[in-house]
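**Student:** I have a structure I would like to understand better, so I am pasting it below and will then ask my questions one at a time.
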Amino acid sequence: MKPLKVYLCDLTYNTISVATDSFPLNIGFVAAYCKQKFRNQVDIELFKYPDDLEKAIRKEKPDILGMSNYPWNYNLGLTFFNLIKKVSPNTITVMGGPNIPLNDEDRTQFILKNPLIDFYVYLEGEEAFSNLVERVFEYRGNIEKMKLDPINGIVHRIDDKNLIKGLWLKRRTNLDEIPSPYLGGFMDKFFDGKLSPMLETNRGCPFTCTYCHEGHSLITKVNYFSTDRVFAELDYIGDRVPKSVSHLMFCDPNFGMYERDLSICEHISKLQEKKNYPRYIFASTGKNRKDRIAEAISKLNGSLKFWLSVQSMDKEVLKNIERSNIKLDVMTGLAVSYSKLGLPSFSEIIICLPGETLKSHLNSLSTLLDSGVGAITTYNLMLLNGTEMNTKVQREKFGLKSHFRVIPRDFGRLEQGDISAEIEEIVTSTNHMSFEEYVEGRIFHLLIQIIFNNEVFSPFFKLMKQRKIPIMNFFKKLKTEIEFSPQSLKNLVSNFKDDTHNELWSSEKELLDHVKKEENYKKLCEETLGHNLLQTYNARAIKLLPEWNNFIFEIFKDTLEYNGNDLDKQDMINEINVYCLNRLHNIWGENRTLNNPFFNFKYDISSWMNSEKELELTEFKFNSPTRIDFKFSKQQNTDISDNIKRFGNTPTGIGRIIVKMGMVSKVLRQPLVSLD
């Protein structure tokens, strides 16, 4: 008998650049488990790129077409289901993933309104998908007979009003029973220089945050893959990853929090020494046991950010979202300790959380700015399918009002002409925060992103901390003085405010219809519509910072009260300004290594910044003026060039590069004492 032809897809858009650049590990697990069970009875192909799938469908129609379902590829999956049903009506369409409503009533409506989806897989997909394959073998070619009885782990639609739900499958406790997609060769085709390898070392999350997919009570128990298997997969990746790919991703929800993560980090460190990979690691670090996480990450040679995420510092808000944070003094101590190791820490905060006011949100930002963290990532509150936050009860209780917007880079056109785009729903006002206050909060986010997160001006902020001046004082003064700033800065903030309004739509359908019009799809491709505003405006700002420097410098001096006649103070702060500007010089130009700025400094600013002791800059004076050159290291230049090739040097591309490289300091010039 001819093997069952199965196409499994975890698609990403690649219209501008590869939008979701991780290996399709999820469908790799499903394929490896299915292949182990059915062996030569199934012929499975995996797909990441839409054009590859479209070519494969033209060449040979599959018996089963499976799609992952996340906010960033849901409509793309439906577009392909529509295509396959036109050219091959008997192909079975199956979808799985967390992007489905949490409560039973809404989940039922989701299935009933999507006739293109023959079967939907609940939770962990390996066993459920194999149950479906068994049913296919039983009633091969007859979808209607397949649907007569329930399939465990799956829900399927009978008609416009009826569906059948299979039993929930117990989560697998011994994850090694699922064959490795890496060691089985299923991931080999994705070592293509475009994608970053992804690993999973455990499943489950003990926390119950209401805004998160993994806050579900069904998955609070944490199960593990064996460390021997994780080590083998790391070695397999290290032997095959192209030199141009510098990233490794972990999909664990709390990486570093468990004792065994120490040994995993030690193994990664050995891999880094041997292979110079990974140079950057993306992982969501744990919410508890920050001491253990700090120990684990310290072994990774600066390749992984240390996240001290809080989402809010307001006790009532945290209660509303069923989250608890570590104590502020503990967080501050960890941030300082980690900084002394030369490894800055990062935090996250979300605007428009239930019960949050603009005042409490700004207070949370102020606390974080002074806490010692190196950067603050600010987010909108997304109403995700599969989360408690996105339920009628939560919406009504907290007065959550929302808008829709295009997910950045997640749009494209199939060769046969269909346009697809992904839409997200975000909260823009609540019972406690008006829409106007939301917009004001986003302007503060932009200014913090440009001035604080970019690390360019970190010496100024160190001065403020030493003088116990709240950093938020600077940002409030800066926002107030914008009207007196250079025209390009005024324009940037004004345009950001306009775009913050214009990106939002009250109707998901109207927005989808809008972007599918030819003239508007062109705007998406030209990056004048549907881009990540903070990333894009930050990228634009980095190029304009030298032009704004005098204005920003005066705000710093005013905040620090350095406008007097003390010549030593003036020399010191002027040198800090030159130091900051030179680190920023010509980062993205093709000739960036040919023209390296330099300056003769009286103060050793680098040693002061790296000092573990809280000493004044006046304690770090050179014996005589010393020339400092500002250059890129060879590895820096290679990484910048490789990332420009992957993501481009448009504002959107540069914004992504900064995110991918983990911290702006990775692209800033390094100050080096001249040997001339």
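**Student:** Quickly estimate the mean residue ellipticity at 222 nm for the chain, helices only: each DSSP H run with n ≥ 4 gives -39500 (n - 2.57), and the total goes over all residues, rounded to 500. Write down the numbers at each step before the final one.
**Tutor:** Details: 24 runs with 279 residues, N = 676.
Taken over the chain, the calculation gives -12500 deg cm²/dmol.
**Student:** Could you order the peptides 285-296, 149-160 from most to least packed, using the average number of other C-beta atoms within 10 Å per residue? List each step's numbers first, then the result.
**Tutor:** On the way: 285-296: 20.4, 149-160: 17.0.
Top of the packing list down: 285-296, 149-160.
**Student:** Continuing with the same structure: Taking only C-alpha pairs under 8 Å that are 6+ residues apart, what is the relative contact order of region 399-476 in percent? If you can, show how the numbers build up before the last one.
**Tutor:** On the way: 62 pairs, mean separation 18.0, N = 78.
With pairs under 8 Å counted, the relative contact order is 23 percent.
**Student:** Check which residues have an amide H placed less than 5 Å from Ile92's amide H, if you skip close sequence neighbours.
**Tutor:** Ile64, Leu65
**Student:** Using 7 Å Cα-to-Cβ label points, what is the Asn649/Val439 separation (nm, one decimal)?
**Tutor:** A separation of 3.5 nm, rounded to one decimal place.
**Student:** If one takes the longest principal axis of the Cα atoms in the chain, at what angle in degrees, from 0 to 90 and to the nearest 10, does the Cα axis of helix 328-340 lie?
**Tutor:** Value to nearest ten degrees: 70.
**Student:** Can you give the FRET efficiency to the nearest 0.05 for Glu273 and Lys37, using r as the Cβ-Cβ distance and R₀ = 56 Å?
**Tutor:** Values: r = 39 Å, r/R0 = 0.70.
Efficiency computed from Cβ-Cβ geometry: 0.90.
**Student:** To continue, here is another question. Net charge around Gln635, counting only other residues with Cβ within less than 11 Å of its Cβ (Lys, Arg = +1; Asp, Glu = -1)? Display every interim value, and only then the final one.
**Tutor:** Details: positive: Arg279, Lys634, Lys666; negative: Asp639, Asp642.
Taking every Cβ under 11 Å from that of Gln635, the sum is +1.
**Student:** Now a separate question. I'd like the Kirkwood hydrodynamic radius of region 160-259, using the inverse of the mean 1/r over distinct C-alpha pairs, in Å.
**Tutor:** On the way: mean 1/r = 0.0630 Å⁻¹.
Kirkwood hydrodynamic radius for region 160-259: 15.9 Å.
**Student:** Have a look at region 40-91 and give its Rg and Dmax from the Cα atoms, expressed in angstrom.
**Tutor:** Here Rg and the maximum Cα pair distance are 11.1, 34 Å.
**Student:** Another question, then. Taking Cα atoms, how many degrees apart are the long axis of helix 74-87 and the longest axis of the chain, rounded to 10 and kept between 0 and 90?
**Tutor:** With both axes taken from Cα atoms, the answer is about 30 degrees.
**Student:** Here's something else I'd like to know. For region 502-602, what number results from the quotient of the Cα radius of gyration and 2.2 N^0.38 Å?
**Tutor:** 1.68
**Student:** Let me ask something additional. Let me know the Rg and Dmax you get for region 508-561 when you use only its Cα atoms, in Å.
**Tutor:** Final numbers for Rg and Dmax: 18.3, 55 Å.
**Student:** What are the residues whose amide H is under 5 Å from the amide H of Arg627, where those residues sit 5 or more places off or on another chain and H is modelled from the backbone?
**Tutor:** Excluding prolines and chain starts, which carry no amide H, the hits are Phe601, Ser674.
**Student:** To the nearest 20 debye, what charge dipole does the chain have about its Cα centre, counting +1 at the Cβ of each Lys and Arg and -1 at the Cβ of each Asp and Glu? Mind dumping the intermediate values first?
**Tutor:** Values: 88 positive and 88 negative charges, 154 e Å.
The calculated dipole for the chain is roughly 740 debye.
**Student:** Right, next: Taking +1 at the Cβ of each Lys and Arg and -1 at the Cβ of each Asp and Glu, which of Trp588, Val406, Ser263 sits farthest along the dipole of the chain towards its positive end, judged by Cα position relative to the Cα centre?
**Tutor:** Comparing the listed Cα positions along the dipole, Ser263 ranks first.
**Student:** Assuming 0.36 nm per residue, please report the length gained on full extension of the stretch Val336 to Lys392 beyond their Cα-Cα distance. Mind dumping the intermediate values first?
**Tutor:** Numbers: separation 56, 0.36 × 56 = 20.16 nm, distance 4.21 nm.
Working it through step by step, the gained length comes to 16.0 nm.
**Student:** Let me ask you something else. For region 215-262, what is Rg from Cα atoms divided by 2.2 N^0.38 Å, rounded to two decimals?
**Tutor:** Working: Rg = 13.7 Å, N = 48, 2.2 N^0.38 = 9.6 Å.
Its radius of gyration relative to the 2.2 N^0.38 Å reference: 1.43.
**Student:** Let's test the formula: R0 of 51 Å, r as the Cβ-Cβ distance of Phe622 and Ser263. What FRET efficiency results, to the nearest 0.05? Could the numbers behind the result be given before it?
**Tutor:** On the way: r = 44 Å, r/R0 = 0.87.
Computed FRET efficiency for Phe622 and Ser263 comes out at 0.70.
**Student:** Aspartates and glutamates within cross-link reach of Lys161: Cα-Cα under 20 Å, excluding same-chain residues under 8 positions apart?
**Tutor:** Once the sequence-local aspartates and glutamates are set aside, what remains near Lys161 is Asp104, Glu105, Asp106, Asp118, Glu144, Asp149.
**Student:** May I pose another question? Over region 248-402, what relative contact order in percent results from Cα pairs under 8 Å that are six or more residues apart? Kindly include the intermediate steps, with their values, before the conclusion.
**Tutor:** Working: 217 pairs, mean separation 30.0, N = 155.
Computed value for region 248-402: 19 percent relative contact order.
**Student:** Using a cut-off of 13 Å between alpha-carbon atoms, which aspartates and glutamates can reach Lys645, once sequence neighbours fewer than 8 places away in the same chain are excluded?
**Tutor:** Straight-distance partners of Lys645: Glu590.
**Student:** Right, something else. May I ask you to give the percent of accessible area on the chain that is carbon plus sulfur, with a probe radius of 1.4 Å?
**Tutor:** Percent of accessible area from carbon and sulfur atoms in the chain: 49.
**Student:** Let me ask something additional. At q = 0.13 Å⁻¹, what base-10 log of I(q)/I(0) does the Debye formula yield for region 252-306 when every alpha carbon is treated as an equal point scatterer in vacuo?
**Tutor:** -0.26
**Student:** For region 3-95, how big is Rg over Rh, using alpha carbon atoms and the Kirkwood form of Rh? Spell out each step's value before the answer.
**Tutor:** Values: Rg = 12.8 Å, Rh = 13.4 Å.
Ratio of gyration radius to Kirkwood radius: 0.95.
**Student:** Let me ask something additional. If you project the alpha carbons of region 381-529 onto their three principal axes, what span does each projection cover, largest first, in Å?
**Tutor:** Principal extents (Cα only, largest first): 61, 40, 24 Å.
**Student:** Averaging sequence separations of C-alpha pairs under 8 Å and six or more residues apart, then dividing by the length of the chain, give the relative contact order as a whole percent.
**Tutor:** Working: 1151 pairs, mean separation 72.7, N = 676.
Here the relative contact order equals 11 percent.
**Student:** In debye to the nearest 20, how big a dipole does region 522-676 give about its Cα centre with +1 on each Lys and Arg Cβ and -1 on each Asp and Glu Cβ?
**Tutor:** Values: 20 positive and 20 negative charges, 207 e Å.
The calculation lands at about 1000 debye.
**Student:** Over all directions, how big on average is the projection of the convex hull of the alpha-carbon atoms in region 211-296, in square nanometres? Present the calculation step by step, with values, prior to reporting the outcome.
**Tutor:** Values: hull surface 25.7 nm².
Quarter of the Cα hull surface area: 6.4 nm².
**Student:** In region 531-676, what is the volume of the convex hull around the alpha carbon atoms, normalised per residue and reported in Å³?
**Tutor:** Numbers: hull volume 20.1 nm³, N = 146.
Cα-based convex hull of region 531-676, divided per residue, equals 138 Å³.
**Student:** Something else now. So how many Å³ per residue does the convex hull of the Cα atoms of region 102-196 work out to?
**Tutor:** Values: hull volume 15.5 nm³, N = 95.
About 163 Å³ per residue, rounded to a whole number.
**Student:** Hey, another quick one. Pop a pseudo-label 7 angstrom from the Cα along the beta-carbon direction at both Asp239 and Lys465 and give the gap in nm to one decimal.
**Tutor:** Rounded to a tenth, the inter-label distance reads 4.4 nm.
**Student:** Equivalent ellipsoid semi-axes for region 425-493, as square roots of 5 times the alpha carbon gyration tensor eigenvalues: give them largest first, rounded to whole Å. Please report the intermediate quantities before stating the final value.
**Tutor:** Working: eigenvalues 122, 54, 27 Å².
The three semi-axes for region 425-493 are 25, 16, 12 Å.
**Student:** How large is log10 of I(q)/I(0) for region 596-653 at q = 0.13 Å⁻¹ when the intensity is taken from the Debye formula with one equal scatterer per alpha-carbon?
**Tutor:** Cα-only, vacuum Debye calculation for region 596-653: -0.57.
**Student:** Answer with one residue from Asn390, Gln487, Asn26: the one whose Cα lies farthest towards the positive end of the charge dipole of the chain, charges on Cβ with Lys, Arg +1 and Asp, Glu -1.
**Tutor:** So the residue we want is Asn26.
**Student:** State the extension gain, in nm to one decimal, for the chain segment bounded by Asn288 and Lys359, taking 0.36 nm per residue of separation less the distance between their alpha-carbons.
**Tutor:** Values: separation 71, 0.36 × 71 = 25.56 nm, distance 2.72 nm.
Gain in length upon complete extension: 22.8 nm.
**Student:** Residue-wise, which Karplus ³J(HN,Hα) couplings in Hz belong to region 151-156, taking 6.51 cos²θ - 1.76 cosθ + 1.60, θ = phi - 60°, and x for glycine or proline?
**Tutor:** Here the 3J(HN,Hα) series is 10, 4, x, 9, 10, 9 Hz.
**Student:** Return one number: the angle in degrees, 0 to 90 and rounded to the nearest 10, between the long axis of the Cα atoms of helix 435-447 and the longest principal axis of the Cα atoms of the chain.
**Tutor:** 60
**Student:** Related question: Over all pairs of distinct alpha carbons, what does the Kirkwood formula give as the hydrodynamic radius of region 349-445, in Å? Don't jump to the answer; show the numbers that get you there.
**Tutor:** Working: mean 1/r = 0.0664 Å⁻¹.
Computed over Cα pairs of region 349-445, the Kirkwood hydrodynamic radius comes out at 15.1 Å.
**Student:** Also, I was wondering about something else. Just grab the label-to-label distance for Ser641 and Ile164, each label 7 Å out from Cα along the Cβ direction, in nm (one decimal).
**Tutor:** Result for the modelled spin labels: 6.0 nm.
**Student:** Just how many % of Cα pairs in the chain lie over 43 Å apart, if you round to the nearest whole percent?
**Tutor:** Numbers: 58042 of 228150 pairs.
The calculated P(r) of the chain puts 25 percent of pairs beyond 43 Å.
**Student:** If you place +1 on the Cβ of every Lys and Arg and -1 on the Cβ of every Asp and Glu, how big does the dipole about the Cα centre of region 139-194 come out, in debye to the nearest 20? Intermediate results must be reported in sequence, preceding the final value.
**Tutor:** Working: 11 positive and 8 negative charges, 37 e Å.
Value, rounded to 20: 180 debye.
**Student:** Hey, what's region 228-358 come to in accessible area per residue, 1.4 Å probe, Å²? Before the final figure, lay out the partial values.
**Tutor:** Values: 5170 Å² over 131 residues.
Heavy-atom SASA per residue in region 228-358 reads 39 Å².
**Student:** Could you tell me which residue out of Leu46, Gly166, Asn202 lies farthest along the dipole of the chain toward its positive end? Charges go on the beta carbon: Lys and Arg +1, Asp and Glu -1, centred on the Cα centre.
**Tutor:** Leu46
**Student:** Here's something else I'd like to know. Using 0.36 nm per residue of separation minus the Cα-Cα distance, give me the extension gain between Lys543 and Met1 in nm, one decimal.
**Tutor:** Values: separation 542, 0.36 × 542 = 195.12 nm, distance 6.21 nm.
Here the segment from Lys543 to Met1 would lengthen by 188.9 nm.
The values are calculated or read from the model by the stated rules, or taken from the named source; none is laboratory data. Because the structure is predicted, anything quoted here is derived from the model rather than measured. As a convention, Cβ positions derive from the backbone with ideal geometry for all residues, glycine included, and neighbour counts pool all protein chains shown. Side chains included, ligands, DNA and RNA excluded: accessible areas come from the protein's heavy atoms. Shrake-Rupley method; radii C 1.70, N 1.55, O 1.52, S 1.80 Å.
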